[in-house]
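I have placed the structure first, in the form of structure tokens, so that the comments after it can refer back to it.
The values are calculated or read from the model by the stated rules, or taken from the named source; none is laboratory data. This structure is a prediction, so every number in the text was calculated from the model and none was measured. So basically every Cβ, Gly included, is an ideal-geometry build from the backbone, and we count neighbours across all protein chains shown. Side chains included, ligands, DNA and RNA excluded: accessible areas come from the protein's heavy atoms. Shrake-Rupley method; radii C 1.70, N 1.55, O 1.52, S 1.80 Å.
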Amino acid sequence: MRKMSDGVEAALHCALVLSGLPEDKVLAGKHLAELHGVSESYLLKHLRALTAADVIIAIPGPRGGYRLAHIPQQITLLDIVEAIDGKEPAFICREIRRRAPGKSQDPCNYKRDCFIKSRMLAAEQLWRNALRSQTVADLMQDGEQQISPSSKLLVSDYLSLHAR
């Protein structure tokens with residue numbers, strides 16, 4: 001499995017929190033950072049990436065903040081992962097097979113992709129498809145079932161206090 005950056009975790013949690021906002025409300029970046037116990041400067045970098053990827057919307061100004069750009073059913077986990085970590089493949093074939101002491105001198109032997117590269121890219125495609133098939137709405141459903149009532153109340157109270 002590909003190692004994802006820490007920003008992916010923060011971005012997923014932020015998307016989940018923003019999914020709980022009323023449609024006409026936003027939450028400031030500093031409040032998202034406070035809610036998750038991360039620095040504001042760290043989180044703002046990831047919120048900018050989510051905004052650039054059209055996952056969230058940034059509303060400027062003193063009463064501004066963030067909200068989801070689409071309904072939770074339309075934002076996939078892959079959208080969030082790619083917004084933070086990029087769309088580049090996790091596996092990069094460097095064609096080391098061409099450097100081995102016993103390498104073929106016949107260039108025709110290297111016309112086809114390396115079979116290791118093919119297998120790795122196929123596995124990565126399965127991983128991406130799995131992320132593409134899951135949405136923020138799925139996270140909301142998981143949260144409904146797995147977050148304790150007391151934690152739900154704390155977050156709800158926090159959003160009521162800070163949503164604009």
Of the criteria (1) surrounded by 19 or more Cβ atoms within 10 Å (Cβ to Cβ); (2) at pLDDT below 95, which one residue 62 fails: (1)
Pairs where the first residue, in the stretch 140-164, is over 17 Å from residue 30 (Cβ atoms) and open to solvent by less than 60 Å² (accessible area, probe 1.4 Å) and the second is not hydrophobic (A, V, I, L, M, F, W, C) and not in a helix (DSSP H, G or I), C-beta under 8 Å, 6+ apart: 156/20
Long-range neighbours under 9 Å by Cβ, at least six apart or interchain, first residue hydroxyl-bearing (Ser, Thr, Tyr) within the stretch 43-68, second in a strand (DSSP E or B): 51/57; 51/58; 51/66; 66/27; 66/56; 66/57; 66/58; 66/59
Condition check for residue 137: of a type in the set (A, V, I, L, M) and under 25 Å from residue 25 (Cβ atoms): yes
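Against the condition within 19 Å of the chain's Cα centre (by Cα), exposed (fewer than 12 other Cβ atoms within 10 Å of the Cβ) and either modelled with pLDDT under 90 or within 26 Å of residue 81 (Cα to Cα) (or both), how does residue 122 come out, does it pass?
Details: within 19 Å of the chain's Cα centre (by Cα): no; exposed (fewer than 12 other Cβ atoms within 10 Å of the Cβ): yes; either modelled with pLDDT under 90 or within 26 Å of residue 81 (Cα to Cα) (or both): yes.
Criteria not met by residue 122.
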Close pairs (7 angstrom Cβ cut-off, 6 or more residues apart or separate chains): modelled with pLDDT under 80 in the stretch 87-99, open to solvent by 80 Å² or more (accessible area, probe 1.4 Å) anywhere: 97/103
Some residue of the stretch 23-30 being touching a helix residue (DSSP H, G or I) at 6+ places or on another chain (Cβ under 6 Å), within 16 Å of residue 71 (Cβ to Cβ) and in contact (Cβ under 8 Å) with a residue 40 or more places away in the chain: no
One residue from 23, 9 being open to solvent by 20 Å² or more (accessible area, probe 1.4 Å), of a type in the set (Asp, Glu) and farther than 24 Å from residue 86 by Cβ: 23
Residue list for the stretch 125-164, filter: β-branched (Val, Ile, Thr) and over 17 Å from residue 68 (Cβ atoms): 147
Test set (1) part of a helix (DSSP H, G or I); (2) within 20 Å of residue 133 (Cβ to Cβ); (3) at pLDDT below 95 - residue 81 fails condition number: (3)
